[in-house]
Structure formats: C-alpha cells, structure tokens
Amino acid sequence: MENVVLFDGGNAAALQPFTFTRPVADIRVGILTIAEKWALHLNARISYLTEPYLQAKYPFENQDNSCFIDASLLPTPHLVQAIRNLKEGESLCEAGKAIAFRIRKQEGQTENSSRVEIPYTQSLHRLQHHYDIFRLNGQELTSDFELLCTHRKSAPLSASNRLIGNPAHLFIEEGATIEASTLNCQTGYIYIGKESEIMENCAIRGPFALCNHAVLKMGSNVYGATTIGPHCKVGGELSNVLFFGYSNKGHDGFLGNSVIGEWCNLGAGTNASNLKNNYASIRIWDYEKQTFADTGLQFSGLLMGDHTKCGISTMFNSGTVTGVGCNLFGHGYHRNFIPSFSYGHAQTGYDRYRIDKIVETARVIFARRNKNFDAIEEGILRHLFAL
C-alpha cells in the first residue's frame, strides 16, 4: 500500500476556524473527509504534514517514494491519474507551484530542488476559502456516493417510507434505521450510513448524506446539499449545511449554507440567517486577511469552529463566523465575527472564556460519546488558547 502525505499548503489559514483544530486533510466535504477520499482513490495509507501542535494527533510518516499531495485538492479522475503517473523525482505543478510530488526519503519532506516539473493544465477542485466547504458540498456528495456505492447493493428501504425518484440513487448501509419518512432522490443522491437513524416524518431532498451513527431527529426538513457527519444528532430545517461530526442540533430552528465543526451544540430554536434583506453579496470574516471580505455569494450562513456552544433561541446573522471553544447566549443577533474562546451575551458583549471550563466540558461530552478526551486533545485546545 502506498504512503501518501497530505500537506497543508498555503490554504490552511483561509480555512480557519476549522483548521485551528485539524489539518486541511481532515475537513469533511461531501460524505468523506479529504483524507478518506485520497485513501480510497489511491489505495493508500495517509499521513499528514501540518502544524506542529497538531502532529501528535495527525502523525507524519515519510517513506521511500512517498507521494505528497496538497491537502486542499479534491480528487477528480483526471487529477488522480496524473498523480498515479508521477515518477520518483517528478512534481505536478499548477502555474509553477507544486500541487503533488514524489520523492525519496533522503530528499527531505518538501525539498523542491532538481525535480522534473510536469505542468497540470486541467481545472482543479479545491478548498480555497472556508465557505467553499458548503459551496462544494453537493459536487462532493455526488463524487463520494459514486466512489462508495458503485457495484455495491444497498440494504432495503422499509415499506413505511416513501421514495421519490430512482432507487439506484439511494444507498443504505447495513444497520441503518429509517421509518415513515419521505426521501426524494430526483434532486440528488441520498446516502445513509451504518447504524444511523432517520426518525419518523422526516422530509429529505438529495443530495444528502447521513454518516455512520448519526441521527436525524423526528419531523426534520432537509434540503440538499446537506451532510450530517458521524455521531451527530440533528433536527429542524436544514439547507446546504455540513456538520463535521459529534455535534448536536437536536431541536427546531433553521440553518442554511453553513458549516458546523465537531463537538458543537446548538440550543433549541437557534436560527442563522443565510440571506441579507437587500439580497446583497455577503461579506464574511477572513482569518488570513484579518478583515471582512466579500464572498460574492448571495447565500452564506454560519461557520462555527469546534467546541462552540450556543444557548436556546440564539440568533446569528448571515455570514457569521465563530471561532473555537465559544460559549454564546442571550437574545438578539450576535456579532458577525466572534473570536475563539469568547464567552458572552449578544447584547452585552464577550469576555474571554476560561480554559479550565472548556476542558472540563470537553471531557464530559467526549465521555457521553464513549471517547477519551486525552492529553493530546487537551494540548491542542490549550495551545490555541495560549495564542
């Protein structure tokens, strides 16, 4: 099995707050994370080249003839073949910049000298901004569905449900439970992961993915392109939303064109606008530029970093970004940018949250999902807090 190293490249800062707590390759878009996509396409063992404080959780392994790939790239058939064709000492380049290369271990991790450059002139699918995660989710749902489900047989759909569209566009993994719901595959593929559950009276339009062990709560209304990551519990109204994993939105409330990280909790009645009243293009906080930047998008909702919580009836404006480890509550709209480790009220403002409280809460919610909040996880949060 080939060793593939996914390196963060130059887009990691533009993908914050999600890359505060993970390498670019661990971002989920579609059904799979970027690392999982490349592992399947190349039949490879994946390691990571990322920020030093993340390497203990995401280890780097360099072997002879390792293949290095820019982690912001999303696999396409043409790109996969071009990377497969790379020989030792060759580098695949876009506009003179290496996007993939193959080296021997003694060359060093990213040594660029004396490599043969091979131009890549086809269009690339890649994550360049944090809002690309929801923007490209439909495209990636389709690609991942075909990668995972082609030539496989779906588990049966219970007769209590109503299916609209081609049955071949629905795939149900073993152990999933779906009852008394409507699934419309005319608008895109629907993927239901292992041991997941769709409760009664849900209405779903594809493309849609419910990943392993996730739950869609009773009476939810879901528009594509939406992904509910592993071990999430989600309800209410969703449109083009992506949950990474282990996060909860257990009650009514609207989210559209949004990305929710891991270990987040949205209180009952939380709502996030995804459209301005004047239909103008939405400006959103850009961590790389340290200012608000125009997205060129008419629809953009909430981008929430890992370990952030919000209380009941929380309201977010269109184009809101929250960092890691925030605790938010109160009536009225919160600010459009809330830095990491903020604790506060929409009306009265924010203080700095205490790291011991964040760690204490993280231990509790990890234990609820039978996970261990170990020294590595704690070290990542404490490192970010110290920044």
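Run the paramagnetic zone check for ALA203: 7 angstrom along Cα to Cβ, then residues of the stretch 150-183 with backbone nitrogen under 12 Å.
182-183
Evaluate E = 1/(1 + (r/R0)^6) for ILE164 and MET218, where r is the Cβ-Cβ distance and R0 equals 30 Å; express this FRET efficiency to the nearest 0.05.
Using R0 = 30 Å, I get an efficiency of 0.90.
Under the Karplus relation 6.51 cos²θ - 1.76 cosθ + 1.60, θ = phi - 60°, what is the ordered set of whole-Hz ³J(HN,Hα) values for the stretch 303-309, x standing for Gly and Pro?
10, 10, x, 4, 6, 9, 10
Can you tell me the alpha carbon radius of gyration of the stretch 152-296 divided by the globular rule-of-thumb value 2.2 N^0.38 Å?
My calculation over the Cα atoms of the stretch 152-296 gives 1.11.
Can you spot the lysines whose alpha carbon is less than 24 Å from LYS289's alpha carbon? Ignore those fewer than 8 places along the same chain.
Qualifying lysines at Cα under 24 Å: LYS97, LYS276.
Calculate the dipole size of the stretch 1-130 relative to its Cα centre from +1 charges on Lys and Arg beta carbons and -1 charges on Asp and Glu beta carbons; express the result in debye to the nearest 20.
220 debye
Between the stretch 140-161 and the stretch 20-54, what's the alpha-carbon centroid distance in Å?
23 Å
Any chance you could list the semi-axes, whole Å, largest first, of the equivalent ellipsoid that the Cα gyration tensor gives for the stretch 262-323, using √(5λ)?
They are 21, 16, 7 Å, listed largest first.
Between PHE60 and SER154, what length comes free when the chain is fully extended (0.36 nm per residue of separation minus the Cα-Cα distance, one decimal in nm)?
30.3 nm
Share of Cα-Cα pairs in the chain beyond 25 Å, in percent?
56 percent
What is the calculated FRET efficiency for ASP294 to LEU387, with r their C-beta to C-beta distance and R₀ = 25 Å, to the nearest 0.05?
With a Förster radius of 25 Å, E is 0.40.
Please quote Rg/Rh for the stretch 227-307 to two decimal places, taking the Kirkwood radius as Rh and restricting both calculations to Cα atoms.
That ratio equals 0.99.
Read-outs throughout are calculated quantities, based only on the coordinates presented, and are distinct from any laboratory measurement. This is a predicted model, so every value here is computed, not measured. Don't worry about glycine lacking a Cβ; one is built from the backbone with ideal geometry, like all the others, and counts go over all protein chains shown.
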